[in-house]
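Trainee: Following this message is one structure expressed as structure tokens.
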């Protein structure tokens, strides 16, 4: 039996567009003489649909699309993901399902048993779990069909199981000869390697071929890398799709041969590709065609601008320089040089006069008080207002340029540099920002070397340096990784890293006290295992012991 994997980019709620893509890929597979093609989880309605599944019209349109796909794909069998009505005691109205479309009709439906509720997942909120699954016969073979998380509970791979049942064990134990998995598995750094190792453990333990088709594209904060794969009973790769782009691959269950497409496995390459894909899809799927961003001459805005150009094309990126009273000439020159290297439109809007007008207006109220962070924030907020005006006038989505290190400790200004519709690098620590800048320049020198080499500074007061307020970024990022991603306590971090416990506690306190800022921030693109956003749900009004209170 020859099976294809249709690795496609879907949009939530775009039933006609998603169906058209499924039909197109099915026709291509049929023309190649294939018997069956698999598409990703919830490929008809898009993943994740979240609370849209509570709308009866959404569920009905998704079922109508499935019926239309079945009529248009006769001559090849299709398996694709969809939402189906549930009859369940859980009170949930729908199931996360996979349908076999064959001979013009919906011939078989299998629903997901394991519904994840960790990190960015909240499927128990929206779906009822299936109480059972069964094999289906195709071309005289018994096939085991699973949906994403159903394959993530192998007791032979994980130290700790999250669920009391293992659908793979049940289906293979019932006689399944090939394991099929349709997924919407989000990307984070090193996720591809984990996914491969987990599926290889299943293949080798049960001695069956394992095929996983994964969606690609960005949907809100999530980026899906694709990286669909087929593994033989010995765990070897027999078919492999590209990462971060749509693809169609096929394999033969008898000869255990298939298409193997090259993919770049480097950390910097995969992180950059994820950010470009996530930016492109967020902008386009939200109805925009161009973006604007501030160019300060710093490395964060430089990286963001490079991502934007690679995502959307130089003609769709507008850079704005907004020098203030403390901006260095070097930074002004770096911003202009970057814009020239990228070939983007660049406008200069000095803010000195506006800043003076603010201070004049506030002088009576501020009389007798010293200059402090208030005046620094005014400059940032002037820039935010100007950028939002340009965003409105030119209908371009405003990109914020703050990194994960700054967002983590609140080294950012609400309604200032945090203004915007997408925080492109909000899950990129400062140390990775530098690595990505060097990665870009290793291909084509674009970012001025002086931007990379100069000490980072917000340039909101004379001779300001980030190091005036923060530890060195290699130290800060290590603390943030331990505290935010691994939930280690300050004393454990200090002991394991060899850092001063007061320094670690200070950073932890800054993280906790900045929660109110992060929950007002623009959505960001998730590329780490634990990003700020809806995958990390912390209260704002809380009294924690990190600040000694």
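The values are calculated or read from the model by the stated rules, or taken from the named source; none is laboratory data. Quick caveat, the model's predicted, so the values are computed rather than measured. A quick note on method: Cβ atoms are made from the backbone with ideal geometry, for glycine too, and the neighbour counts reach across all protein chains shown.
Trainee: Run residue 72 past the list (1) out of contact with any strand residue (DSSP E or B) (no Cβ under 7 Å at 6 or more places or on another chain); (2) within 27 Å of residue 126 (Cβ to Cβ); (3) touching a residue at least 40 places away in the same chain (Cβ under 8 Å) and report the number of the one that doesn't hold.
Mentor: Condition (2) is where residue 72 drops out.
Trainee: Are there any helices (runs of 4 or more DSSP H) wholly within segment 350-454 with 2 or more residues that are over 19 Å from residue 467 (Cβ atoms) and in contact (Cβ under 8 Å) with a residue 60 or more places away in the chain, and if so which?
Mentor: So the answer is 373-394, 430-443.
Trainee: Could you grab me the full set of residues in segment 178-207 that are part of a loop (DSSP other than H, G, I, E, B) and either crowded, with 21+ Cβ neighbours inside 10 Å or touching a residue at least 60 places away in the same chain (Cβ under 8 Å) (or both)?
Mentor: 184, 185, 187, 188, 189, 190
Trainee: Test residue 451 against the criterion of being surrounded by 15 or more Cβ atoms within 10 Å (Cβ to Cβ) and under 30 Å from residue 341 (Cα atoms), and give yes or no.
Mentor: Against the criterion (surrounded by 15 or more Cβ atoms within 10 Å (Cβ to Cβ) and under 30 Å from residue 341 (Cα atoms)), residue 451 qualifies.
Trainee: Name, by its number, the condition in (1) touching a strand residue (DSSP E or B) at 6+ places or on another chain (Cβ under 8 Å); (2) over 26 Å from residue 317 (Cβ atoms) that does not hold for residue 274.
Mentor: With respect to (1) touching a strand residue (DSSP E or B) at 6+ places or on another chain (Cβ under 8 Å); (2) over 26 Å from residue 317 (Cβ atoms), residue 274 is out only on (2).
Trainee: While we're on this one: If we scan segment 215-231, do we find a residue that is over 18 Å from residue 10 (Cα atoms), surrounded by fewer than 23 Cβ atoms within 10 Å (Cβ to Cβ) and not assigned by TED's automatic domain parsing to the domain that holds residue 437?
Mentor: no
Trainee: Tally the residues that are part of a loop (DSSP other than H, G, I, E, B) and closer than 19 Å to residue 71 by Cα, restricting the search to segment 15-37.
Mentor: Total meeting the criteria: 3.
Trainee: Please give the number of the condition residue 528 fails out of (1) in contact (Cβ under 8 Å) with a residue 24 or more places away in the chain; (2) part of a loop (DSSP other than H, G, I, E, B); (3) closer than 25 Å to residue 382 by Cα.
Mentor: Unmet condition: (3).
Trainee: Scan segment 331-346 for residues that are out of contact with any helix residue (DSSP H, G or I) (no Cβ under 6 Å at 6 or more places or on another chain) and either assigned to a helix (DSSP H, G or I) or not assigned by TED's automatic domain parsing to the domain that holds residue 401 (or both) and jot them down.
Mentor: Within segment 331-346, 331, 332, 333, 335, 336, 337, 339, 340, 341 qualify.
Every residue, every condition in (1) in the same structural domain as residue 394 (by TED's automatic domain parsing); (2) under 17 Å from residue 344 (Cα atoms), yes or no:
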| site | (1), (2) |
| --- | --- |
| 234 | no, no |
| 244 | no, no |
| 248 | no, no |
| 275 | yes, no |
| 280 | yes, yes |
| 289 | yes, yes |
| 296 | yes, yes |
| 305 | yes, yes |
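Trainee: Please verify whether segment 51-69 includes one or more residues that are over 23 Å from residue 219 (Cβ atoms) and at pLDDT 95 or above.
Mentor: yes
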